[in-house]
Amino acid sequence: MEHRDLKVTNSILIFSFAAFAGLYYGASFLIPLTFGAFLAALMAPFSDLLEKAKMGRTFSSLLSTIVVLVVSAGIFYLMFWQIGLFANDMPRIREEAMQFFRSIQQQLSSSTGISPDEQEELLRERSETIISSVQNQVTNLLGNIMNVVLKFMLVLIYLFLFLLYRSRFFKFIMRYVPREKDERATTIIEKTSKVVHYYLWGRIKVMAILAAMYLTAFLIFDIRYTILLTVFGALVTIIPYIGPLISGVLPVCFLIVFGGTFTEIIIFGSVIFVIQLIESYILEPVIIGSEVKLNPLVIIIAIIIGGMVWGIAGMILFVPLFAIVKIISDHTPNLKPVGYLIGEAEDEKPKKGFATTIKDFFKGSS
């Protein structure tokens with residue numbers, strides 16, 4: 001018995017290390033493929049709707065791909081256009097940032113007694129390093145536009161082919177499944193597709209509402225680079241926990257550096273904080289709901305591992321990938337303990353709160 005348990009444990013460890021190595025060294029191939037598969041799960045209902053309207057599989061798949069292309073191209077255009085303007089303004093931004101640091105220097109000198117000359121050396125080194133790093137990152141991003149475009153075109157090709165051959169992929173998987181397990185395999189495939197679709201579609205709706213709230217706040221407080229901060233702030237929130245924090249802190253830093261008064265900074269920071277609370281405690285629970293039934297610890301682990309293996313793409317993709325692992329584990333007898341470990345147990349779920357009440361209200365009124 002002990003020998004068999006040890007063998008099973010060793011097999012799991014070997015498989016885990018092999019999977020980690022495969023994901024790491026195959027990143028250049030797997031990242032566009034995974035994005036294409038997830039986007040196919042997102043667009044599959046739209047493609048099915050077109051087919052019900054008497055359109056062929058090829059045309060419906062192509063039209064669905066074109067929709068993704070047009071929407072993404074619009075977002076990319078806004079983003080890179082604003083980044084280009086930001087890069088052109090870097091010399092002026094650099095000077096304004098240096099003035100901000102000098103004012104901080106004067107305040108430190110009056111409050112701590114440290115001479116301006118001593119601060120000057122340290123401040124110049126740190127500020128020059130930070131500003132130069134930001135400038136280099138922006139320049140490198142603009143220089144890698146072609147690489148980003150080529151990878152995105154590959155994702156679109158995968159998207160089209162996954163939509164076109166989705167029935168064949170299903171039949172291919174089912175041919176490896178014994179007949180007595182057909183129902184279980186079908187359930188796993190359907191739930192996997194559903195969790196990816198609802199997760200991505202929910203994220204898109206949350207980002208759209210968040211962008212509207214950010215845009216309104218930025219326009220009211222006359223924040224510089226409003227479009228850039230709005231688009232970036234909405235897009236980065238696709239990374240759970242980390243994304244919303246970055247999207248909230250960055251515009252406050254812009255206001256501080258570009259000369260906002262103390263009162264403006266406090267009020268603006270409070271508004272951003274309220275927006276963050278709305279996003280975290282109302283929008284996400286109501287719109288995304290509990291489709292990704294992972295406990296918070298596992299979500300954080302998924303983000304960290306994803307960042308280690310695939311970078312930013314991994315931080316986005318590994319949460320739904322872990323959700324898929326949970327679905328497979330829940331329907332595989334030998335893996336049910338894994339599903340229990342990474343999932344959100346019924347007795348650990350929080351009691352019904354404000355967001356759940358709102359969700360029940362809309363369900364009841366629909």
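Within the range 66-86, work out how many residues are loosely packed, with under 12 Cβ neighbours inside 10 Å, at pLDDT 90 or above and either closer than 15 Å to residue 148 by Cα or not aliphatic (A, V, I, L, M) (or both).
1
May I ask you to list the residues in the range 303-341 that are free of Cβ contacts under 8 Å to residues at least 40 places away in the same chain, in contact with a strand residue (DSSP E or B) (Cβ under 9 Å, 6 or more places away or on another chain) and among the small types (Gly, Ala, Ser)?
Listed by number, the list holds a single entry, 329.
Taking residue 168 as the residue in question, decide whether it is exposed (fewer than 13 other Cβ atoms within 10 Å of the Cβ), over 30 Å from residue 94 (Cβ atoms) and at pLDDT 90 or above.
Spelling it out, residue 168 is indeed exposed (fewer than 13 other Cβ atoms within 10 Å of the Cβ), over 30 Å from residue 94 (Cβ atoms) and at pLDDT 90 or above.
Just wondering, is there one or more residues in the range 28-36 that are touching a helix residue (DSSP H, G or I) at 6+ places or on another chain (Cβ under 7 Å), in a helix (DSSP H, G or I), closer than 16 Å to residue 197 by Cβ and among the hydrophobic types (A, V, I, L, M, F, W, C)?
yes
Quick check on this structure: which one of 238, 242, 288 is more than 18 Å from residue 223 (Cα to Cα), touching a Gly at 6+ places or on another chain (Cβ under 7 Å) and either of a type in the set (A, V, I, L, M, F, W, C) or surrounded by 16 or more Cβ atoms within 10 Å (Cβ to Cβ) (or both)?
The unique qualifying residue is 288.
The values are calculated or read from the model by the stated rules, or taken from the named source; none is laboratory data. Remember, it's a predicted structure, so these values are computed and weren't measured experimentally. Heads up, the Cβs are rebuilt from the backbone with ideal geometry, glycines too, and the neighbour counts pull from every protein chain shown.
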